[in-house]
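Here's the structure we're looking at; comments come further down.
The values are calculated or read from the model by the stated rules, or taken from the named source; none is laboratory data. Please read all numbers here as calculations on a predicted model, not as lab measurements. All Cβ positions, glycine included, derive from the backbone under ideal geometry; neighbour counts span all protein chains shown.
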Amino acid sequence: MLWSMETAPDAPELFLADVSLLPSLNRHGCSLSTVRGVLAERGEGRPVRFQVISNDGGSLLKHCDALPDYLMWSWLPIFSARAVDQLSGIEPEDSWWPCDIEGSEGEYFLHVPEQGVSSLDVEGSRFKTFLPLKSPIPFGLELLSLTLGTTLPPLFRIATPGHPQVMAEVICTGEFKYRWEQAQLGGATFRAFVAA
């Protein structure tokens with residue numbers, strides 16, 4: 001079974017304190033290669049910085065005690081070092097990019113794999129809507145169907161057919177979910193996709 005990995009309802013919201021990603025994301029959308037390019041261009045020792053937004057949304061926190069192991073900024077998932085350690089060996093090392101969360105003493109990593117899985121069966125899947133472009137982009141995955149014979153990594157994104165982008169959902173296998181739960185990692189909820 002495949003699962004959509006989502007942030008827990010009480011997960012804090014993040015603000016991108018370092019605006020270097022914004023122009024590229026606005027121009028290229030949910031593009032893994034664009035994000036990887038911006039991160040590589042920054043080089044080691046210059047991780048992207050985030051700030052935590054207060055629960056009331058009115059300010060940015062200067063200090064935050066305990067953050068969960070899973071956070072999201074826009075469509076990019078962020079994992080704690082504890083989560084990355086527990087999941088080592090099932091996810092390629094070059095998928096993890098260090099980032100800073102101001103006011104937190106923990107280490108965090110953006111998960112940006114090289115590419116999305118290109119096996120979406122659009123006809124067999126169900127979406128909330130399609131973005132009305134020249135080549136429509138499916139949005140809001142409700143039912144997932146993949147072409148037969150696809151070998152899946154434990155944690156992945158779905159490539160958008162006909163576009164250099166990925167869908168917003170973070171998808172994981174049962175193995176990944178099992179390891180997450182066994183390690184008692186927090187901050188994520190899992191929504192099952194019913195097989196088409």
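Would you check if there is a residue in the range 120-138 being part of a loop (DSSP other than H, G, I, E, B), of a type in the set (A, V, I, L, M), out of contact with any Ser or Thr (no Cβ under 9 Å at 6 or more places or on another chain) and modelled with pLDDT under 80? Looking through the range 120-138, at least one residue is part of a loop (DSSP other than H, G, I, E, B), of a type in the set (A, V, I, L, M), out of contact with any Ser or Thr (no Cβ under 9 Å at 6 or more places or on another chain) and modelled with pLDDT under 80.
Would you say residue 186 is out of contact with any Gly (no Cβ under 8 Å at 6 or more places or on another chain), surrounded by 15 or more Cβ atoms within 10 Å (Cβ to Cβ), touching a residue at least 60 places away in the same chain (Cβ under 8 Å) and not in a helix (DSSP H, G or I)? So residue 186 fits the description; yes. Return yes or no: is residue 105 in contact (Cβ under 8 Å) with a residue 60 or more places away in the chain, within 22 Å of residue 186 (Cβ to Cβ) and charged (D, E, K, R)? Criteria not met by residue 105.
Quick grid of which residues meet (1) crowded, with 18+ Cβ neighbours inside 10 Å; (2) under 28 Å from residue 46 (Cβ atoms):
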site: 66; (1), (2): no, yes
site: 80; (1), (2): yes, yes
site: 86; (1), (2): yes, yes
site: 91; (1), (2): yes, yes
site: 105; (1), (2): no, yes
site: 124; (1), (2): no, no
site: 167; (1), (2): yes, no
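For the range 158-172, name all the residues that are under 22 Å from residue 73 (Cα atoms) and either part of a loop (DSSP other than H, G, I, E, B) or out of contact with any His (no Cβ under 9 Å at 6 or more places or on another chain) (or both). Result: 158, 159, 160, 163, 164, 165, 166, 167, 168, 169, 171, 172. Scanning the range 3-44 for residues that are touching a Gly at 6+ places or on another chain (Cβ under 8 Å) and not in a helix (DSSP H, G or I) yields 3, 7, 8, 11, 13. Among the residues of the range 30-52, those that are over 17 Å from residue 114 (Cβ atoms) and crowded, with 16+ Cβ neighbours inside 10 Å comprise 47, 48, 50, 51, 52. If you filter the range 107-122 down to residues that are of a type in the set (D, E, K, R) and over 14 Å from the mean Cα position of the chain (by Cα), you find that the one that is surrounded by the fewest Cβ atoms within 10 Å (Cβ to Cβ) is 121.
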